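S.K.: Please see the structure below; I have some questions.
The values are calculated or read from the model by the stated rules, or taken from the named source; none is laboratory data. Bear in mind that the values here come from a model prediction, so they are computed numbers and not experimental data. Every residue, glycine among them, receives a Cβ derived from its backbone with ideal geometry; neighbour counts consider all protein chains shown.
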Amino acid sequence: MPYNVAQKLIQSHLVSGRMIPGEEIGLKIDQTLTQDATGTMVMLELEAMGLDRAKTEASCQYVDHNIIQEDSKNPDDHLFLLSATRRFGLYFSRPGNGVSHPVHMQRLAKPGKTLLGSDSHTCAIGCMGMLAMGAGGIDVAMAIAGEPFYVKMPKIWGIKLTGKLPDWVSAKDVILELLRRYDVKGGVGKIIEYYGPGLKHLSAMDRHVIANMGAELGATGTVFPSDGEIKRFLKSQGREDDWIELVADEGAEYDLHDEIDLSSLVPLIAKPSSPGNVVPVEEVAGEPIYQAYIGSSANPGYRDFAVAAEIVKGKKVASGVSFDINPSSRQMLTDLVKNGHIASLLSAGARLHQAGCNGCIGMGQAPATGRNSLRTTPRNFPGRSGTREDSVFLCSPETAAASALTGKITDPRTLDMDYPRINEPKEPTVDVELLDPPLPLEEARKVQLEKGPNIASIPEMDELPDELEVPILLKMGDNISTDEILAGGARVLPYRSNLPKISQFAFEIIDDTYYERAMKTKEQGGHAIVGGFNYGQGSSREHAALAPRYLGLRVVLVKDFARIHWQNLVNFGVLPLTFANESDYDLLNQGDTIKITNLKAQIQNGREVTIHHKESGKQLKMNHALSERQVDIMLKGGLINWVKARQKKS
């Protein structure tokens, strides 16, 4: 049977289940990626599991999110992460080395391997012919400990690329076109695989740009073949020996199909406040801007910065515009300096920031109130920028740079200049000075974990009760993101290793009374929340499940879930249920009470769960999608309890 690339990757790592869409499969994980906003919890989970040594081929802890050191909390946690990587045998990418995804691509990614990361944009590394997926931190901790990663077998969605991108159109416009067609739920339950003659015109970093925002489509992952371009990229990084060819077999088929003619694309832009709200730039041209922002994991390549530098070279950005340059890696920044591009940007009036996630996660570079911000970042969910009532547009570096010059949203094709032709350095900088390798085992065993005053152990979670009678504390609509459930930014994320403190910020963007109301229910059996479609889209941060669970959340009733957040809820013992009849959503109101009896037997004996709605007196039918393994996890109150029970039994 001929296989496509995604099927080859899955088949070669399959340890349980069958490759039938919708069936739970277990996959061997070769590599893991953690970043500091999620990694602190992962390291605490490894400690709780009693891990001696990472079982993966390569695992790396990156410090890229929380690099603003306004007080001691972030540097204290960086020391904890350094000690944990030394103890458990992980690589450590120090602050300033860059964003996890491009750095991992440069230094550690290998075609044919699997990668699991506690960051939803881990899927970006699918550009390298890898099966790369985002997951909750505890799933990544399990993978580091040698356990398989369990996921429902996705459908494989083949996207044929033909033609060649025209001038002023780049890789960002390719993924924005797919979001324009299918919106933020289009990839749910799917792996997107790109193939076709158009691939030969896309560099490895172009493919990274496209793969990165597969997360915004809700996809399980994005896969590109490992072809001659990936061989060229690895050779440029001094790693040609890590290359293998991995392409689809002749005659391979896909579960779903689409085609993009690259030559037909135009500059696109996602309007506030969703990555799926995409229109041609010319439709919104002329709107004034406050900020134009280049960089992040969604546009991390050399050409993404160099093309912006060439556009503004010898010119000045418009008065009142903040032109923010967010380098993605130390290697990339060094090459941009060597070739004069940073000088061009600074001379035009740009503001240069350190290599890291920065404004993408709300860590600085927040826009002014009521003003438009154009960003090459992957997300524009409400409040993600750090400004509560933000107005963020997502676009290509070309559109951002052109708009910086004019002070208004500008179709770059209207600039009075030739399109810059960017040649990547023939011998790019290779820099491993800030990437510490794992310690030898005997030396690692002598390392003591350094825990600063901001680190608190994870509280014990109780088992699932057999009867629940709880109030509905929140009722929400569609597309609620994890940024809205638990915000990022410099005010919140420094408490990522302090669950009691970070829980105070839960749902504050939606309802700033939630914390106080939840605390009142915590000792009285907990509470429920209700949502619409695509609940929990966006970031993989497990705190968005863990903090509400700490506050007493026991059950979530929605029309459907985003994959990673659904898994995170299960992992922390919060029962995720979907409406069998979507119209029942309209019956439930904030403040109502629901009752569930015989809960353990209900989830063990079938997919259907009956809840009693006290206000209407009606019995409502709900569904769960838990596997037999996940039912056992739920009964025990979460994955940590499940692991402890297994260890005790063995």
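S.K.: Among residues belonging to the range 522-554 that are surrounded by fewer than 21 Cβ atoms within 10 Å (Cβ to Cβ) and more than 18 Å from Glu463 (Cβ to Cβ), point out the one that is nearest to the chain's Cα centre (by Cα).
M.R.: Within the range 522-554, the match that is nearest to the chain's Cα centre (by Cα) is Phe533.
S.K.: When only residues in the range 363-388 that are of a type in the set (S, T, N, Q) and over 22 Å from the mean Cα position of the chain (by Cα) count, which is surrounded by the most Cβ atoms within 10 Å (Cβ to Cβ)?
M.R.: Asn372
S.K.: Next question. Being of a type outside the set (Gly, Ala, Ser), touching a residue at least 40 places away in the same chain (Cβ under 8 Å) and in a loop (DSSP other than H, G, I, E, B), is that true of even one residue in the range 499-516?
M.R.: yes
S.K.: OK, next. Quick one: is Gln61 polar (S, T, N, Q), under 20 Å from Arg330 (Cα atoms) and surrounded by 22 or more Cβ atoms within 10 Å (Cβ to Cβ)? Before you say what the answer is, go through the steps one by one.
M.R.: Details: polar (S, T, N, Q): yes; under 20 Å from Arg330 (Cα atoms): yes; surrounded by 22 or more Cβ atoms within 10 Å (Cβ to Cβ): yes.
Yes; evaluated as a whole, the condition is true for this residue.
S.K.: Related question: What's the number of the condition Pro378 fails, among (1) over 25 Å from Val312 (Cα atoms); (2) assigned to a loop (DSSP other than H, G, I, E, B); (3) of a type outside the set (Lys, Arg)?
M.R.: For Pro378, the exception is condition (1).
S.K.: In addition: May I ask you to verify whether Ala308 is farther than 25 Å from Ile192 by Cβ and aliphatic (A, V, I, L, M)?
M.R.: Answer is yes for this residue.
S.K.: Moving on to the next point. Between Ala348, Ala292, which is under 23 Å from the mean Cα position of the chain (by Cα) and either charged (D, E, K, R) or not assigned by TED's automatic domain parsing to the domain that holds Tyr182 (or both)? Steps first, please.
M.R.: Working: Ala348 fails: under 23 Å from the mean Cα position of the chain (by Cα).
Exactly one residue qualifies, and that residue is Ala292.
S.K.: OK, next. Before we move on, is Ile125 of a type in the set (A, V, I, L, M) and part of a loop (DSSP other than H, G, I, E, B)?
M.R.: no
S.K.: Which count do you get for residues in the range 414-444 that are among the charged types (D, E, K, R), surrounded by 13 or more Cβ atoms within 10 Å (Cβ to Cβ) and either outside any loop (DSSP other than H, G, I, E, B) or in contact with a strand residue (DSSP E or B) (Cβ under 9 Å, 6 or more places away or on another chain) (or both)?
M.R.: We begin by selecting, within the range 414-444, every residue among the charged types (D, E, K, R); these are 416, 418, 421, 424, 426-427, 431, 433, 436, 442-443.
Going one step further and asking which of them are surrounded by 13 or more Cβ atoms within 10 Å (Cβ to Cβ), we end up with 424, 431, 436.
Going one step further and asking which of them are either outside any loop (DSSP other than H, G, I, E, B) or in contact with a strand residue (DSSP E or B) (Cβ under 9 Å, 6 or more places away or on another chain) (or both), we end up with 431, 436.
Count: 2.
S.K.: Checking the structure you have, find out if any residue of the range 347-362 is aliphatic (A, V, I, L, M), buried (at least 21 other Cβ atoms within 10 Å of the Cβ) and touching a residue at least 60 places away in the same chain (Cβ under 8 Å).
M.R.: yes
S.K.: Against the conditions (1) surrounded by fewer than 24 Cβ atoms within 10 Å (Cβ to Cβ); (2) not in a helix (DSSP H, G or I), where does Arg86 fall short? Just the number, please.
M.R.: Tallying (1) surrounded by fewer than 24 Cβ atoms within 10 Å (Cβ to Cβ); (2) not in a helix (DSSP H, G or I), Arg86 fails exactly one: (2).
S.K.: Taking Leu473 as the residue in question, decide whether it is crowded, with 19+ Cβ neighbours inside 10 Å and part of a loop (DSSP other than H, G, I, E, B).
M.R.: Taking the combined requirement at face value, the residue does not satisfy it.
S.K.: Being modelled with pLDDT of 95 or more, on the phi < 0 side of the Ramachandran plot and small (Gly, Ala, Ser) is the filter here, so list the residues in the range 60-99 that pass it.
M.R.: Ser83, Ala84, Ser93
S.K.: So Gln448 ticks every box in (1) assigned to a helix (DSSP H, G or I); (2) of a type outside the set (A, V, I, L, M); (3) in contact (Cβ under 8 Å) with a residue 12 or more places away in the chain but one. Which box is left unticked?
M.R.: (1)
S.K.: Let me ask something else. Identify, by number, the condition in (1) more than 15 Å from Ile485 (Cβ to Cβ); (2) assigned to a strand (DSSP E or B) that Val556 doesn't meet.
M.R.: (1)
S.K.: Looking at the range 11-58 only, could you name the residues that are surrounded by fewer than 20 Cβ atoms within 10 Å (Cβ to Cβ) and charged (D, E, K, R)?
M.R.: Arg18, Glu23, Glu24, Lys28, Asp30, Glu47, Asp52, Arg53, Lys55, Glu57
S.K.: Within the range 134-150, does at least one residue satisfy the condition of being under 14 Å from the mean Cα position of the chain (by Cα) and in a strand (DSSP E or B)?
M.R.: Yes.
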